[in-house]
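What follows is one structure encoded as structure tokens, with my remarks underneath.
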Amino acid sequence: MATLSNKFSEADKLFSDAVGMISRGEFAQAASILTDILNRFENYGKAWCEMGNILQYQLEDYDAAAESYKKCMQVTPTYAPAFLGYADVLFAKEKFAEANAIINQALEIQGVKKDVALYKSALLMESQGRYDEAIETYRNALLISFSDEEISKCEKGIGRCKIKKKHKI
């Protein structure tokens, strides 16, 4: 009889260890395991994505993070977190049109957290002074979300946009 542990590959097991380390804030150790995975299993997309997350959010190495996300998107084109992470890199580099295109691609992927993708889209609109569009998009994200955290972020975004509209020259 097959057990659940038999269904997981060696890469899956190593990846699980790395994710555990990330959740405990052990980023250097996790990066080491992710590097091992990528050296041995080059097409293991989730490892590319998590490496991108470490590079972006911990080391602020946006160029290396972008390459990791793009590699994930290449080898696992339905892994939505890579698209959303890459959109964050593009946003940080003020490449708004490219970020918007990536978010739109992510929205087409089955299983993507649409509330998160819409929130990121609204941030782009807000950053460009398109406050009415941003408010509508924040509302759309809020209405489909089941996450208290995401709902709160959307409400704050709506509030920011209303204040900015009031003070816009």
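Just so it is clear, none of the values below were taken in a lab; they were calculated from the coordinates. Note that the structure is a prediction, hence the values are computed from the model and not measured. Counting neighbours? That spans all protein chains shown, and the Cβs are built from the backbone with ideal geometry, glycine included.
So what is the diffusion coefficient of the chain in µm² per second by Stokes-Einstein at 10 °C and 1.306 mPa s, using a Kirkwood Rh over Cα pairs? Numbers along the way, then the final one.
Values: Rh = 17.2 Å.
Diffusion coefficient, whole number: 92 µm²/s.
Between the helical axis of 96-107 and the longest alpha-carbon principal axis of the chain there is an angle of about 60 degrees.
Ranking Ala106, Tyr131, Leu84 by Cα position along the charge dipole of segment 48-143, where only Lys, Arg, Asp and Glu carry charges on their C-beta atoms, puts Ala106 farthest toward the positive end.
Normalised by the number of residues in the chain, the average gap of Cα pairs under 8 Å and 6 or more apart makes the relative contact order 12 percent. For the chain, the Cβ-based charge dipole about the Cα centre amounts to some 660 debye (Lys, Arg positive; Asp, Glu negative; other atoms uncharged).
Dividing the summed helix terms, -39500 (n - 2.57) for each DSSP H run of n ≥ 4, by the number of residues in the chain produces a 222 nm estimate of -24000 deg cm²/dmol to the nearest 500.
Just need the relative contact order of segment 65-114 here, percent rounded to a whole number, with Cα pairs under 8 Å and 6+ apart.
Values: 44 pairs, mean separation 17.1, N = 50.
That works out to 34 percent.
Helix 62-75 versus the longest principal axis of the chain: what is the Cα-based angle in degrees, 0 to 90, to the nearest 10? Once rounded, one gets 70 degrees. Remark: C-alpha extents of segment 77-169 on the principal axes read 42, 30, 17 Å, sorted largest to smallest. The Rg/Rh ratio for segment 24-73, using Cα coordinates for both the radius of gyration and the Kirkwood hydrodynamic radius, is 0.94. By the Cβ distance rule of under 4.7 Å, the chain has these cysteines without a partner: Cys154, Cys161. Loop sites by DSSP among the trypsin sites (Lys or Arg not before Pro) of the chain, restricted to those with at most 10 other Cβ atoms within 10 angstrom, leave 25-167 as the longest stretch without any of them.
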